[in-house]
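First up is the structure itself, then whatever we jot down about it.
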Amino acid sequence: VMDALRDGVLKDFRSMSAYCDEHPEARLPGDGGKRYGFKLETEDRTYYVRCTTVPRDYFYIFAYDRQPAREQEQVKPSVLKQLRDAQKSPKPPRKAKDLDRSKDDIGI
């Protein structure tokens, strides 16, 4: 994948910038429209490519192993999802007795 990108789209700044200009739908919000995001998938991996049309800050590539569908069903939710879910669910109010006990535990 890297060799193919280096021989084509990411060969040089001009090639990368031209490719980004041809795909305005990939423009990422912010930074005056100078960043673009692309997703590439192979059988084994998913690649996220972020291109920046600013000289000397060309591109970043993030590669992740893909998991078969059966394994994905068994994977626990991401930590970020767990945190978001926890923030959404209201917590029951603490009992006054629990509050007093916690003060005793810390010597107040």
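In the assembled protein chains, ARG50 presents an accessible area of approximately 80 Å² (probe radius 1.4 Å).
The 3J(HN,Hα) values that the Karplus relation (6.51, -1.76, 1.60; θ = phi - 60°) gives for segment 47-56 are, in residue order, 10, 10, 10, 10, 9, 10, 8, 10, x, 6 Hz. Gly and Pro appear as x.
When the Cα gyration tensor is reduced to axis lengths a ≥ b ≥ c, the ratio a/c is 1.5 or higher for segment 1-53, and with a/b not above b/c it is classed as oblate.
The values are calculated or read from the model by the stated rules, or taken from the named source; none is laboratory data. If you're wondering where the values come from, they're calculated on a predicted model, not measured in any experiment. When the accessible area is computed, the model is the full protein with side chains, heavy atoms only, and any ligands, DNA or RNA have been set aside. Shrake-Rupley method; radii C 1.70, N 1.55, O 1.52, S 1.80 Å.
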